[in-house]
Every structure is written in C-alpha cells, then in structure tokens.
Amino acid sequence: MTTAPVAGPRPVRAARGTELSALGWQQEAALRMLENNLDPEVAEHPDKLVVYGGTGKAARDWASFDALQRTLRTLKGDETMLVQSGRPVGVFQTHEWAPRVLLANSNLVGDWANWEEFRRLEHLGLTMYGQMTAGSWIYIGTQGILQGTYETFAAVAEQHFGGTLAGTVTLTAGLGGMGGAQPLAVTMNDGVAICIDCDPRAIARRIEHRYLDVQATSLEHALELAVEARDARRGLSIGLLGNAAELVPQLLAMDAPIDIVTDQTSAHDPLSYLPVGVDFDDMATYAQKDPQEFTQRSRESMARHVEAMVGFMDKGAQVFDYGNSIRGEAQLAGYTRAFDFPGFVPAYIRPLFCEGKGPFRWAALSGDPADIAATDRAILELFPDNANLHRWIPMAQERVHFQGLPARICWLGYGERHLAGLRFNEMVASGELKAPIVIGRDHLDCGSVASPYRETEAMLDGSDAIADWPLLNAMVNVASGASWVSIHHGGGVGMGRSIHAGQVAVADGTDLAAQKLARVLTNDPGMGVIRHVDAGYDRAADVAEERGVRVPMREHG
Ligand code: NAD
C-alpha cells in the first residue's frame, strides 16, 4: 500500500452542475458540502481548514482532507465511511438505507473533557475541534445563524419593546462567522447595533457581504451614528474596531444609551478571545506559546467584559448570553455575578423548541441561485399561513449574500420540515430544479443538544446535563435514513459543556430519498417535541397531542 504525497493549503471550492465525480448523488453531496465548508467565501480561515467558531474545522489536516475526498469519490451506494475527528478511519459495507458517512468529532471521556487535555491530543494530531456544522459539513456561511439571530431579536422586541427594535440601540461584540449575523438581524428588526470586533478583517468582511452597514472611526463616532439613527427610528449597524473587554466597560462608564446587550466573541475557547493589553496581531503566537497564561488573561478580560454587561443590566438594559459561554468563563475567573443574566434559549427560544422548531436549511448542489429562488417559492406556497415565513423569505432574498453554494435557512417545526423535504424531492425529480438539494440543520436545534449553558439551560425538570438525548437523536437519524450523521462534543460553548448531534439528508429526486426524507424530517424534530414533553413543558405536550407524536409515558390502558 502506498501513501499519497500530502499537498498543503490550497483554495477549495465545491463542484457545481450535474456532472458527478462520486458514484452517486448521496456521496457527491457529502463531497461537495465538505468542499463547500472550506470555500474561501465560506470559511473564516480556510488555509487552516477552520470554518468558523474559533477553531471549528472540517477536516483534521490536509492529508485527511485528501483522503476524505478520495474516499467519497469511490464510496459505493451501500457503503459507509467512518470519520473520527476529521480523519477517515474506515469504510464498511452497510446498505442503501444507511448513512453514507458517520462522523464523531472532539468527543472525550468525561473526566478528560477539558481544554487542556483536548489541546494535548490535538497537538499530537489525534483529534480536532468540530464545532457544530464545521465538522459535520453543513455550514452555509453566516446566513446559517441569521434567522435564529433574527428570531431572537424579534423575541426581545416582542417581550420588551412593543414588537420592534426601532428606536433602540443594541451593543454586542464578535463579527465572526456566526456573530457576523448580529448586525443584520438587528437592522432586519429596524434597530441600531454597535458591534465591536478586534479583527479589522472581520469588520471588512461583514461590510463586503452586506451584513454590516458602516465602520465607525472611534467610540464617540459610533455613539454619534447610533443616537442619530435611533432618533430617526432608522435601522443601522455600526462596526467598531477594538477589544470588547475594554470598550464595553468604557461605554458603561460613559453612561451610553444602550437598550440591549449581548456578545458573540468566541469566548467558548479562551485561546480565541483577545485579552486586554494584547495586540490583535500578536494573539495567535502568544496563545500558542503560552496557552496557560493566555487562558488566565483572557478569562480575566471576560470577567471585566461580563461585569460591564451586568452593569448595563443593573441600569435597566435587556442583557442575555448569546451561547458562547462567556458567563462560564467569567465565573472561572472569579466573577460571582456572571450568571445574573440569562442565556438566550430560556429567555427567548424555548417555546419554539417545544414545537420542534429549529433551523432547517438547504443548499442547491447545482450552484444555481435560481434553484434556491424556486425552493423559496415552493416554501411560501407550502405554508401560506405562516406569517413569519412570509416576512422572512423576501427579506432574506433581498439582503442575504450567498457564500459558496446558494443556500437558504428558515425555522420550521414538527409536521412542517418533511413537507418541505418531499416537495424539494419532487422538484428534483421533475427537473424543476437542476440538481439535488442537500437538507440539514444546525446542531443548535430543538432535540439534538445537551448544553446546560445554552440549549438546555434551566430545563423545567432540572435535566440540563442529561446527554442521552443527542445520542438518541443521532441514532434515530441513522435508523431513519439520513445521508450523514454526526455526534460532537464542545460545539458553541466549549469543552465539557455540550454534546450534540447533526444530520443531513439529500433530496436526489428518487423514491428512496422520498421515503428517507419523510422519516428523517419527521423523527428529527420529533426528538425536540419528546425532549420537552419529558421535561414537563405543557406546550410540547399539546403539540405531541395535536400532531400525533407518540409519548409512551403519556399513553394509558
Ligand atoms: P469566530 O471565531 O468566527 O468569530 C469570533 C470573533 O470574535 C472574531 O472576529 C474575533 O476577532 C472576535 N473577538 C475575539 N476576542 C475579542 C475581543 N476581546 N473583543 C472583540 N472581538 C473579539 O466565531 P463565530 O463563529 O462568530 O462564533 C462566535 C461565538 O458564538 C462562538 O463562541 C460560538 O461558539 C458561538 N455561537 C453561538 C451561536 C448562537 O446561536 N448563539 C451559534 C453559533 C456559535
């Protein structure tokens, strides 16, 4: 057996059109989505195979990437490739209903599930950080989180500001792969956002992709622009270069008129958060040279940052943690009031989870934006009474810049997702779409995560840390016919803090795909319903009853 020579970093881009380089569309879909995750338009640091979320990677190293490509091209329709933290480790004969790829990323045994041990193993080349959709090949750029962020800000508006963010100012930080959705989500709700980032490239990228409107030249300039737009009740997003751990306390000390505060710096990973007093240009070298000292300093800075967020809360602002574990990190640095403000899921999103609602997404393998436009029309026809959707899709069409393969996201619930999947499959079969559609979701979904600082924070029955649910979710997706399924550890909140699962199903226009889609896209959100019924949520129990989800412990006789 010979080993292929290893080529280093190079631009990667998924093929478009209908010509296959794999043996079937299910394998071709996995290949194109792996490549699409690393498209320079899509990935934050493609040379390092990093897609988003600190160091969330699509493949462990370039040799593994080459082997993944090679194996997907030769994989048969009744075989399954196994991927261990970004490296293909085996191919087994299974059957055509089985997933073509099974992935497990960043998983560590409980007592060893910390950053120190993870880094040691990563350094030895034995693992990689998979984040959520990075290591499971269904990242679609910043749009992937946009509707969730939009929904969250819409819920803030609904609960506290009479249904609109017009006339309010939001302060946040982090304009990376996911955090970059914040400015657009705020302006879509007609509000003003000041968004801090210490990386000038992140600000420039969001302006280029039309997620961010302008960059301020100073703190004072940012406030001036914000107040002017707020008073005119005009939506505006303002980028501000600097360290959030310095600027947020400064804004508090200035008594800046801020109504809403959150944060999406990559705080889940202390080596990806810039400490006060460190130059952005020195960050990577310093983090690598002395990770322990860097971690201590970044945690201390997060404590200052969170302390200022609490200060804004004390002054009456609406403050929430946006799923990056910044409260947990600040607490580790000794700040005792870190958990005084809530996470965004218990505060705003859980009622949607009770209905099996979550971030349903799809991408057009043809590469043709016209295919997404056709699916947009189909979705609107399928759900004529869904007012949110009818507001969202035209707005997304107008304002979302596609990154890589054209894609769309919209939140759909139990009883809805499979209708969309089946419709897309018919459109592929009839030739209305030029090529198959890949249908997936974030791991941040209703029944696929155990994450006590995020998706399962403050569950009604106290079951926050029970991690059986994402494992059951992965298994039911395998049993239902998903095209690839993944189990990850860490994700958006970091080591030791979450276990989560992902699934992707391909609508290739065949009858078999229709049967699989009907099951996967019913059972997957069904996990969200049963998870919340089990935890005691009345809304979930009603949904189960109304929509016929069987929950054995509620059946009698
Ligand atoms: P990313 O690594 O692509 O971007 C993080 C950004 O934070 C970078 O641009 C970086 O320059 C900036 N940053 C770091 N330290 C800073 C500091 N001290 N001051 C100002 N800016 C600083 O990460 P991402 O994909 O945007 O994700 C951001 C965070 O949100 C992660 O922790 C991620 O896990 C979490 N996340 C949340 C959700 C959600 O729905 N709430 C979803 C996905 C990810």
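The values are calculated or read from the model by the stated rules, or taken from the named source; none is laboratory data. Values in this document were obtained by computation on a predicted structure and should not be read as measured data. Glycine also receives a Cβ, built like all others from the backbone with ideal geometry; neighbour counts cover every protein chain displayed. Heavy atoms of the whole protein, side chains included, go into the accessibility calculation; ligands, DNA and RNA do not. Shrake-Rupley method; radii C 1.70, N 1.55, O 1.52, S 1.80 Å.
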>> Students often forget the sequence filter, so: which aspartates and glutamates lie under 20 Å Cα-Cα from residue 76 once same-chain residues fewer than 8 apart are removed?
In response: 19, 28, 35, 66, 96, 508, 511
> How large is Rg over Rh for segment 210-345, taking Rg from the Cα atoms and Rh as the Kirkwood inverse mean of 1/r across Cα pairs?
Replying inline: 0.98
> Taking all protein chains as present, what is the carbon and sulfur share of the accessible area of segment 178-238, in % to the nearest whole number, probe 1.4 Å?
Replying inline: 49
>> Given all pairs of different Cα atoms, what value in angstroms does the Kirkwood hydrodynamic radius of segment 141-283 take?
In response: 14.9
>> Sort 158, 28, 416 by heavy-atom solvent-accessible area, probe 1.4 angstrom, most to least.
In response: 158, 416, 28
> Which percent of the accessible area of segment 78-146 is formed by carbon and sulfur heavy atoms (probe 1.4 angstrom)?
Replying inline: 57
>> At a threshold of 8 angstrom on Cα-Cα distance, excluding pairs fewer than six apart, so keeping six or more, what relative contact order does the chain reach in percent?
In response: 15
> Computed from the mean reciprocal separation of all distinct C-alpha pairs, what Kirkwood hydrodynamic radius does segment 476-557 have, in Å?
Replying inline: 14.5
>> Given a 1.4 angstrom probe, what's the average accessible area per residue across segment 1-113, in square angstrom?
In response: 46
> Can you give the alpha-carbon Rg of segment 312-464 over 2.2 N^0.38 Å, where N counts its residues?
Replying inline: 1.27
>> Quick check: the distance between the Cα centres of segment 192-224 and segment 353-422, to the nearest angstrom?
In response: 28
> Kirkwood-based Rg over Rh for the chain (C-alpha set), two decimals?
Replying inline: 0.95
> When ligands, DNA and RNA are left out and all protein chains stay put, how many square angstrom of accessible area per residue does segment 456-540 have with a 1.4 Å probe?
Replying inline: 30
> Reachable lysines from residue 434, Cα under 22 Å, same-chain residues fewer than 8 places away excluded?
Replying inline: 516
> Taking the simple approach of a point 7 Å from Cα along Cα-to-Cβ for both residue 382 and residue 426, what is their distance in nm?
Replying inline: 1.0
>> Name the residue from 262, 245, 302 whose Cα lies farthest towards the positive end of the charge dipole of segment 221-316, charges +1 on Cβ of Lys and Arg and -1 on Cβ of Asp and Glu.
In response: 262
> Under Stokes-Einstein, with the Kirkwood radius over Cα pairs standing in for Rh, what whole-number D in µm²/s applies to segment 443-490 at 37 °C and 0.692 mPa s?
Replying inline: 291
> Over segment 275-321, what percent of the accessible surface lies on carbon and sulfur atoms, probe 1.4 Å?
Replying inline: 41
> According to the Cα gyration tensor, what semi-axes, each the square root of 5 times an eigenvalue, does the equivalent ellipsoid of segment 339-417 have, listed from largest to smallest in whole Å?
Replying inline: 26, 16, 12
>> Rolling a 1.4 angstrom probe over the protein chains, ignoring ligands and nucleic acids, what is the accessible area of residue 527 in square angstrom, nearest 10?
In response: 10
> On alpha-carbon atoms, Rg over Rh for segment 1-103 using Kirkwood Rh?
Replying inline: 0.96
> Taking the Cα centre of each part, how many Å lie between segment 494-554 and segment 232-303?
Replying inline: 37
> Relative to the Cα centre, what is the charge dipole magnitude of the chain, using +1 at the beta carbon of each Lys and Arg, -1 at the beta carbon of each Asp and Glu, and rounding to the nearest 20 debye?
Replying inline: 1020
> Beyond 15 Å, what share of the Cα-Cα pairs of segment 379-429 remains, rounded to the nearest whole percent?
Replying inline: 53
> Just the Cα atoms of segment 124-169: what Rg and Dmax do they give in Å?
Replying inline: 16.9, 54
> What does the helix-only formula give at 222 nm for the chain: each DSSP H stretch with n ≥ 4 adding -39500 (n - 2.57), the total divided by the residues, and the result rounded to the nearest 500 deg cm²/dmol?
Replying inline: -12500 deg cm²/dmol
